[in-house]
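Laboratory data are not the source of any read-out in this text; all were calculated from the coordinates shown. Because the structure is a prediction, the values reported are computed rather than measured. Cβ atoms come from the backbone with ideal geometry, glycine included; neighbour counts cover every protein chain shown.
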Amino acid sequence: MSEKMVKGFLVSKTDTKGKITYCNDAFVEISGFCENELIGKPHSIVRHPDMPRAVFAYLWEHITKGREVNVYVKNLAKNGDFYWVFVNVTPSFDARGQIIGYYSVRREPSREGVQKIGELYAKMCQAESSGGIKAGAQVFGEFFENLGACYEDFVMHLQVGEKLADK
């Protein structure tokens, strides 16, 4: 398995359950799937096993409340290769303000961001392997409590190459 590099923007849309309703050519290309293998499938079709489930619980908790979320994600291509992305997920609303789906734009992540977040994710996965998603969420929460920052601030600073201000 080797790492693929993201070029351009990878775009997808899902329904409220996370099933893919649209994906652009760049997403299709890097994933290694054909478009018809992606449409109608859960977005988790590209979930890498090194991704802690607690990160996705965090994401879903926020987007289902109508909030935008930015996360680092390690994805799995059909052939077993992987690729890291920096993802912005935004709810899509109908005319009445009801969430009708989610719009995701992925771009190349910062290398420093991948290294730092990869270390946290490895600890979370280790915790999840013995204690389930709750244990991974505990590692996640304790990390940011000790840091004195929230996940969103942390990843945004990593992505643009800035250090968090001392708290």
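Quick notes on this structure:
- Some residue of segment 23-31 being under 29 Å from Val139 (Cα atoms) and out of contact with any Leu (no Cβ under 9 Å at 6 or more places or on another chain): no
Conditions (1) of a type in the set (S, T, N, Q); (2) more than 20 Å from His43 (Cβ to Cβ); (3) within 13 Å of the chain's Cα centre (by Cα), marked per residue:
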| position | (1), (2), (3) |
| --- | --- |
| Glu112 | no, yes, no |
| Gly118 | no, yes, yes |
| Tyr121 | no, no, yes |
| Cys125 | no, no, no |
| Val139 | no, yes, no |
| Gly148 | no, yes, no |
| Glu152 | no, yes, yes |
| Gln159 | yes, yes, no |
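- Residue ID - surrounded by the fewest Cβ atoms within 10 Å (Cβ to Cβ), chosen from residues in segment 102-136 that are out of contact with any Leu (no Cβ under 9 Å at 6 or more places or on another chain) and of a type in the set (Asp, Glu): Glu119
- Matching option when the condition is closer than 15 Å to Gly18 by Cβ, touching a strand residue (DSSP E or B) at 6+ places or on another chain (Cβ under 7 Å) and surrounded by fewer than 16 Cβ atoms within 10 Å (Cβ to Cβ), among Ile63, Ile99: Ile99
- Across segment 129-139, the number of residues qualifying as under 12 Å from Phe56 (Cα atoms) and of a type in the set (A, V, I, L, M, F, W, C) comes to 2.
- Scope segment 125-151; condition in contact with a Pro (Cβ under 6 Å, 6 or more places away or on another chain) and either without any contact (Cβ under 8 Å) to a residue 12 or more places away in the chain or among the hydrophobic types (A, V, I, L, M, F, W, C) (or both); matching residues: Cys125
- Against the test of being within 17 Å of the chain's Cα centre (by Cα) and either surrounded by fewer than 14 Cβ atoms within 10 Å (Cβ to Cβ) or within 21 Å of Glu119 (Cβ to Cβ) (or both), the options Asn79, Asn75, Asn36 yield a single qualifying residue, Asn75.
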